[in-house]
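The structure appears below as structure tokens.
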Amino acid sequence: MLSAGRDSAVLRYTLGNEHLKAGNHGIAAAHLRKAVEYDPGYAAAWRQLGRALEQSGDVAGALTAWESGREAATARGDVQAGKEMDVFSRRLQKKLAE
């Protein structure tokens, strides 16, 4: 689909999510970054971007992604997604403090 010029936030989210499952954190992050470029309000993509960045060792990037995701979720009224990203952030910050 990418080579056919049918790029989209949903396609990039799907590719990123699959790479994340396969352990390809850097590739996953690249796709997920593109997804949120296409749709900055895509809270699920922000959530997964944070996970990809955390798993690749980019702690600051993960926290930033989750903050952006929380803001996007709140703007769209998705309270649950916002709360999830708050939990991920707190857990990561706690882990860093230990």
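Numbers at a glance
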read-out: Every pair of residues 6+ apart whose Cβ atoms lie under 8 Å, when the first sits in region 87-98 and is without any contact (Cβ under 8 Å) to a residue 24 or more places away in the chain and in a helix (DSSP H, G or I) while the second is surrounded by 11 or more Cβ atoms within 10 Å (Cβ to Cβ) and among the charged types (D, E, K, R); value: none
read-out: Filter pass, Gly82 being modelled with pLDDT of 95 or more and either assigned to a helix (DSSP H, G or I) or of a type outside the set (A, V, I, L, M) (or both); value: no
read-out: Filter pass, Glu54 being under 23 Å from Lys83 (Cβ atoms), among the acidic types (Asp, Glu), part of a helix (DSSP H, G or I) and modelled with pLDDT of 95 or more; value: yes
read-out: Conditions (1) among the charged types (D, E, K, R); (2) part of a helix (DSSP H, G or I); (3) in contact (Cβ under 8 Å) with a residue 24 or more places away in the chain; number of the one not met by Arg33; value: (3)
read-out: Sole exception among (1) touching a Lys or Arg at 6+ places or on another chain (Cβ under 9 Å); (2) over 15 Å from Lys95 (Cα atoms) for Ser56, by number; value: (1)
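The values are calculated or read from the model by the stated rules, or taken from the named source; none is laboratory data. None of these values were measured; they are calculated from a predicted model. Reconstructed Cβ throughout: ideal geometry from the backbone, glycine too, with neighbour counts over all protein chains shown.
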